[in-house]
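Engineer: The structure's right below; bear with me while I get my questions together.
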Amino acid sequence: MDDEGDLLQEDTRDEGNETEANRMSKLRRTRKKVTKQHLFSTEVGEMDISNSKDNTRNGTQLPTTPHISSRMKHIKQEMVKNHLQFVRFEATDLHGVSRSKSIPAHFFQEKVIHGVCMPRGYLELIPNPKDDEVDHIRATCFNSDIVLMPELSTFRVLPWAERTARVICDTFTVTGEPLLTSPRYIAKRQLSQLQDSGFSLLSAFIYDFCIFAVPEIINSKTISFPASTLLNNHDQPFIQELVDGLYHTGANVESFSSSTRPGQMEICFLPEFGISAADNAFTLRTGVKEVARKYNYIASFFIETGFCNSGILSHSLWDVDGKENMFCSSSGIEELTITGKKWLAGLLKHSAALSCLMAPAVSCRKRYSKESKDLKDSVPTTWGYNDNSCTFNIKCHGEKGTRIENKLGSATANPYLVLAATVAAGLDGLQSSDGVLVGPDDSTDLYQSKPSEIPLKLEDALVALEEDQCLRQALGETFIRYFVAMKKYELENEETDAERNKFLEYFI
């Protein structure tokens with residue numbers, strides 16, 4: 001390049017560095033403590049009665065008439081148009097599985113205001129928790145009810161359920177406080193922190209799942225064979241109905257394809273800002289099960305060989321207005337910016353604890369060492385540019401711009417926790433560089449004082465999560481205690497065969 005071109009590139013880089021310096025300064029001024037006004041706030045964009053800051057008082061949700069009437073007018077039109085009889089109030093449990101209550105459609109407006117009650121144990125999943133394992137919040141306890149409050153912007157008619165709609169809910173205690181173990185609440189809180197720091201997240205999940213035929217009994221054993229015809233034939237009515245149904249529920253599928261095994265499919269969602277990416281993944285987990293059963297299939301995120309399918313979070317960091325990708329270099333060089341390197345540094349630093357949330361079962365962790373025959377306690381956390389074998393794969397090509405694929409996750413992980421933990425780790429990387437030194441802007445290197453390792457045993461990953469002070473603070477002490485107690489209970493009470501059946505029938 002000639003001298004004039006070199007000077008132009010340096011000027012451009014200096015301008016970019018000045019912009020990033022301003023953002024870093026703003027980030028350092030951001031308070032880490034989340035105040036009460038954040039409890040109901042979401043990403044920049046559409047607001048409704050379930051997250052309006054103006055409608056919260058003493059931790060209680062107080063929807064206003066204008067918000068209700070504007071939303072309800074549209075929803076009533078949808079109900080009449082589609083002859084709806086029932087509406088599901090859905091919330092995620094700790095595993096990411098939909099727990100719902102269905103109500104007759106003519107009670108919907110009343111339930112929008114007052115909510116729908118559900119036993120708290122449905123979502124927190126610990127039978128008879130010990131007092132020293134969980135945090136009983138004020139007047140509530142594990143055996144009490146919680147209240148499902150709908151986020152009306154998620155109201156959708158379900159194409160795969162007859163005359164039924166669904167609405168995704170946030171969960172509250174009977175005293176009006178957010179349920180601190182709610183994965184969706186935790187994810188929204190982290191997105192609010194990110195917004196306060198001057199950024200937004202554009203992300204999408206990429207899921208593998210398997211389609212099995214109806215189980216058959218062979219030699220007294222129940223066996224499910226893969227629906228292998230899906231390997232070479234994309235014209236199957238099942239996958240077409242699933243993708244079309246997801247579109248009508250607001251979850252836009254960018255592509256779908258056969259994967260590496262018979263009956264294994266891959267679905268890539270279109271990237272969206274904020275909580276919508278996790279909402280789309282949550283919708284898939286229920287929708288794929290219901291559509292599959294219409295065709296006498298069983299859909300599972302568990303592979304018959306004992307591994308879990310992958311669940312990748314592809315994401316990029318943008319300015320708060322969603323106009324500039326902060327991972328993309330202004331000079332046009334296909335590599336991470338300083339901001340991107342700091343974000344990646346945070347992911348590397350917390351990878352051991354992240355793996356506990358993103359590969360939350362014994363079978364999920366087998367994929368970390370599937371290519372190694374050595375008996376090890378951990379494997380290195382890897383990263384690279386356009387390298388699909390790495391834990392964190394930085395992709396610089398395509399119309400989406402530079403993005404990071406977080407491949408720690410299995411498809412059985414709760415998408416809200418994957419999103420929340422990724423944001424928490426990335427934010428910590430932006431705020432500090434402990435353990436990782438970022439190279440110069442024209443370098444692709446990250447220098448780690450202590451190499452990152454991923455524990456292969458779930459027990460070790462639980463220890464890493466408990467010892468990670470950043471994630472404990474970001475996700476909340478109450479959540480960490482419940483999650484760890486739940487996992488210890490599962491480790492003590494489940495065998496491999498029982499776990500496999502659980503994945504086939506439950507983890508959808």
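The values are calculated or read from the model by the stated rules, or taken from the named source; none is laboratory data. These numbers come from a predicted model, not from an experiment. Cβ atoms come from the backbone with ideal geometry, glycine included; neighbour counts cover every protein chain shown. These accessible areas exclude ligands, DNA and RNA; they are computed on the full protein's heavy atoms, side chains included. Shrake-Rupley method; radii C 1.70, N 1.55, O 1.52, S 1.80 Å.
Engineer: Determine, yes or no, whether Glu290 is over 29 Å from Ala424 (Cβ atoms), open to solvent by 10 Å² or more (accessible area, probe 1.4 Å) and modelled with pLDDT of 90 or more.
Structural biologist: In short, yes.
Engineer: Go through (1) assigned to a helix (DSSP H, G or I); (2) within 26 Å of Ala105 (Cα to Cα) and name the single condition Leu148 misses.
Structural biologist: All conditions are met except number (1).
Engineer: Let me ask something else. Quick one: which residue in Gly96, Gly176 is surrounded by fewer than 17 Cβ atoms within 10 Å (Cβ to Cβ) and either modelled with pLDDT under 95 or small (Gly, Ala, Ser) (or both)?
Structural biologist: Gly176
Engineer: Further question: Do we have Cys356 as within 18 Å of the chain's Cα centre (by Cα) and either in a strand (DSSP E or B) or at pLDDT below 90 (or both) here?
Structural biologist: When the stated conditions are applied, Cys356 does not pass them.
Engineer: Among the residues of segment 444-454, are any in contact with an Asp or Glu (Cβ under 8 Å, 6 or more places away or on another chain), at pLDDT below 60 and open to solvent by 40 Å² or more (accessible area, probe 1.4 Å)? Steps first, answer last, please.
Structural biologist: Initial filter on segment 444-454 (in contact with an Asp or Glu (Cβ under 8 Å, 6 or more places away or on another chain)): 444.
Subsequent filtering for residues that are at pLDDT below 60 retains 444.
This time we only want the ones that are open to solvent by 40 Å² or more (accessible area, probe 1.4 Å), so: 444.
Within segment 444-454, one or more residues are in contact with an Asp or Glu (Cβ under 8 Å, 6 or more places away or on another chain), at pLDDT below 60 and open to solvent by 40 Å² or more (accessible area, probe 1.4 Å).
Engineer: When the residues of segment 195-228 are filtered to those that are at pLDDT 90 or above and hydroxyl-bearing (Ser, Thr, Tyr), which remaining residue is most open to solvent (accessible area, probe 1.4 Å)?
Structural biologist: Ser200
Engineer: Find all pairs meeting these conditions: Cβ atoms under 6 angstrom apart; at least six residues apart or on different chains; first residue within segment 418-429 and in contact (Cβ under 8 Å) with a residue 60 or more places away in the chain; second residue β-branched (Val, Ile, Thr).
Structural biologist: Ala420/Ile186
Per-residue answers, yes or no, for (1) modelled with pLDDT under 90; (2) open to solvent by 60 Å² or more (accessible area, probe 1.4 Å); (3) of a type outside the set (D, E, K, R); (4) within 25 Å of the chain's Cα centre (by Cα):
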| residue | (1), (2), (3), (4) |
| --- | --- |
| His106 | no, yes, yes, no |
| Glu110 | no, yes, no, no |
| Asp132 | yes, yes, no, no |
| Asp135 | yes, no, no, yes |
| Val147 | no, no, yes, yes |
| Glu151 | no, no, no, yes |
| Arg166 | no, no, no, yes |
| Gln193 | no, no, yes, yes |
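Engineer: Of everything in segment 396-432, what is touching an Asp or Glu at 6+ places or on another chain (Cβ under 9 Å), in a loop (DSSP other than H, G, I, E, B) and not aliphatic (A, V, I, L, M)? Give them in sequence order.
Structural biologist: Within segment 396-432, Cys396, His397, Thr402, Asn414 qualify.
Engineer: Do you know which residues across segment 246-282 are open to solvent by 30 Å² or more (accessible area, probe 1.4 Å), at pLDDT below 90 and among the hydrophobic types (A, V, I, L, M, F, W, C)?
Structural biologist: Across segment 246-282, the qualifying residue is only Phe256.
Engineer: Looking at segment 287-297, is at least one residue out of contact with any strand residue (DSSP E or B) (no Cβ under 7 Å at 6 or more places or on another chain) and closer than 24 Å to Asp170 by Cα?
Structural biologist: There is at least one residue in segment 287-297 that is out of contact with any strand residue (DSSP E or B) (no Cβ under 7 Å at 6 or more places or on another chain) and closer than 24 Å to Asp170 by Cα.
Engineer: To continue, here is another question. Looking at Ile312, Ile298, can you tell me which residue is open to solvent by 10 Å² or more (accessible area, probe 1.4 Å) and at pLDDT below 90? Steps first, answer last, please.
Structural biologist: On the way: Ile312 fails: at pLDDT below 90.
Answer to the check: Ile298.
Engineer: Does Arg184 satisfy the condition of being open to solvent by less than 10 Å² (accessible area, probe 1.4 Å), modelled with pLDDT of 95 or more and of a type in the set (Lys, Arg)?
Structural biologist: The answer is yes for Arg184.
Engineer: Test Val243 against the criterion of being open to solvent by 10 Å² or more (accessible area, probe 1.4 Å), modelled with pLDDT of 90 or more and in a helix (DSSP H, G or I), and give yes or no.
Structural biologist: It is true that Val243 is open to solvent by 10 Å² or more (accessible area, probe 1.4 Å), modelled with pLDDT of 90 or more and in a helix (DSSP H, G or I).
Engineer: Checking Asn51 against (1) farther than 30 Å from Phe483 by Cα; (2) of a type in the set (S, T, N, Q); (3) at pLDDT below 80: exactly one of these is not met. Which one?
Structural biologist: So Asn51 meets the others, but not (1).
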